[in-house]
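A.B. asks: Take this structure first; my questions come after.
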Amino acid sequence: MATKILFAPQMPAAMMDLARETLPEGYELAIADHGTAKFYEAAQEAEFYLGFPRQGMGNEFFRAAPKLRLIQLISAGYDRLDLEAARKAKVPISNNGGANAISVAEHTILLVLAVLKRLVWQHNHVVAGRWRVGNFDELGIYEASGKTLGIVGLGNIGKKVARRAQVFGMDVQYYDVLRLTEDQEDALGVRFVLFTELLRTSDVVTLHVPLNEATRNLISTRELAMMPRHAILINTCRGPVVDENALHQALTTKQIAAAGLDVMVEEPPKTDHPLFKLENITLTPHTAGPTWENWTRAFRNGYDNIQRVAKGGKPMWVVPELRDLLA
């Protein structure tokens, strides 16, 4: 009898075709949207969950899925899941094993360059019929080469950002609660600094941390005041890591030069969001992660981890808060 995997939510046809094509033999994929009767019916027999985290996957969900052995995400973030409910049910949660790390790292560099070169601002003027607007000494267009990049969170994505930034001639420093060994730092070409030191000495600060109580509003009024006036802030991790009101104030008063965000506190944001009125910010709609290439990696990693657990092994990529379940 096939082992049942519950997949949610229903995704575009091309992605679902890929999920079916890469499904290992001996497994059955039940596809449903969260909260529907079909979802809860499939949950009763499912041994594995594969998909995205959604609000409401708490005690009720785990009670409806008594055979569940693993929640395997195809995303990196897991802040929407009820970790205590998972702990109570003794079900580990694994993320996508860095399947989207390349894409997010590339998008981070894209935002760094777009902000330094004022790409969106220039595009908007060109298509409006305005060629080379403003005095050159007032434009604030800069090179990445020679700038100091400060990476907050040197995990899978942070390391890939470091390597790509070095290609552009940037000097890389980092802060992480889990510090690398000296040999690892030398191999990657990065140096460790304290968090406040990073803020004070970086030309570009980029954030790559999970969202939890320790990182919520990690960047707020105090932290922005520490940054040099020419500095820029990049966020491709989670919106609530940055205090948007404090950021708006810092950008409006030119306390920092500019920012590039792929994520926001409320998604989608309100159409009259104050940040939308500023010229010194570049925004993308939480699209740093998904690419055609990493869907294959995400499904491959997910199925590999599911097979590992099905054979009696321990899952990889379990989120830090639940790793004690593997003891």
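The values are calculated or read from the model by the stated rules, or taken from the named source; none is laboratory data. If you're wondering where the values come from, they're calculated on a predicted model, not measured in any experiment. Heads up, the Cβs are rebuilt from the backbone with ideal geometry, glycines too, and the neighbour counts pull from every protein chain shown. The protein model used for the area step is the full one, side chains on, heavy atoms only, and it has no ligands, DNA or RNA in it. Shrake-Rupley method; radii C 1.70, N 1.55, O 1.52, S 1.80 Å.
A.B. asks: Would you call V172 in contact with a Ser or Thr (Cβ under 6 Å, 6 or more places away or on another chain), outside any loop (DSSP other than H, G, I, E, B) and either free of Cβ contacts under 8 Å to residues at least 40 places away in the same chain or open to solvent by less than 60 Å² (accessible area, probe 1.4 Å) (or both)?
C.D. replies: no
A.B. asks: Return yes when K160 is surrounded by fewer than 18 Cβ atoms within 10 Å (Cβ to Cβ), touching a helix residue (DSSP H, G or I) at 6+ places or on another chain (Cβ under 8 Å) and basic (K, R) and no when it is not.
C.D. replies: no
A.B. asks: Further, regarding this structure: Scan E185, E293, E213, E197 and give me the residue that is of a type in the set (D, E), out of contact with any helix residue (DSSP H, G or I) (no Cβ under 6 Å at 6 or more places or on another chain), within 24 Å of I71 (Cα to Cα) and assigned to a helix (DSSP H, G or I).
C.D. replies: After ruling out the rest, the residue left standing is E293.
A.B. asks: Can you pull out the residues in the range 219-246 that are within 15 Å of the chain's Cα centre (by Cα) and assigned to a loop (DSSP other than H, G, I, E, B)?
C.D. replies: Answer for the range 219-246, where residues must be within 15 Å of the chain's Cα centre (by Cα) and assigned to a loop (DSSP other than H, G, I, E, B): T236, C237, R238.
A.B. asks: Suppose the filter is in a loop (DSSP other than H, G, I, E, B), open to solvent by less than 40 Å² (accessible area, probe 1.4 Å), in contact with a helix residue (DSSP H, G or I) (Cβ under 8 Å, 6 or more places away or on another chain) and not polar (S, T, N, Q); does V91 pass it?
C.D. replies: yes
A.B. asks: Within the range 127-156, can you find the residues that are among the small types (G, A, S) and open to solvent by 20 Å² or more (accessible area, probe 1.4 Å)?
C.D. replies: Quick first cut of the range 127-156, residues among the small types (G, A, S) only: 128-129, 134, 140, 144-146, 150, 153, 155.
Result: A128, G129, G134, G140, S145, G146, G155.
A.B. asks: Then there is this: Would a scan of the range 36-53 turn up a residue that is open to solvent by 20 Å² or more (accessible area, probe 1.4 Å), under 22 Å from the mean Cα position of the chain (by Cα) and without any contact (Cβ under 8 Å) to a residue 40 or more places away in the chain?
C.D. replies: no
A.B. asks: Right, something else. For the range 244-258, indicate whether the set of residues that are surrounded by 20 or more Cβ atoms within 10 Å (Cβ to Cβ), under 21 Å from D79 (Cα atoms) and hydrophobic (A, V, I, L, M, F, W, C) is non-empty.
C.D. replies: No: zero hits.
A.B. asks: Which of the residues spanning the range 306-327 are touching a strand residue (DSSP E or B) at 6+ places or on another chain (Cβ under 9 Å), under 22 Å from G158 (Cβ atoms) and not acidic (D, E)?
C.D. replies: The answer is M316, W317, V318, V319, L322.
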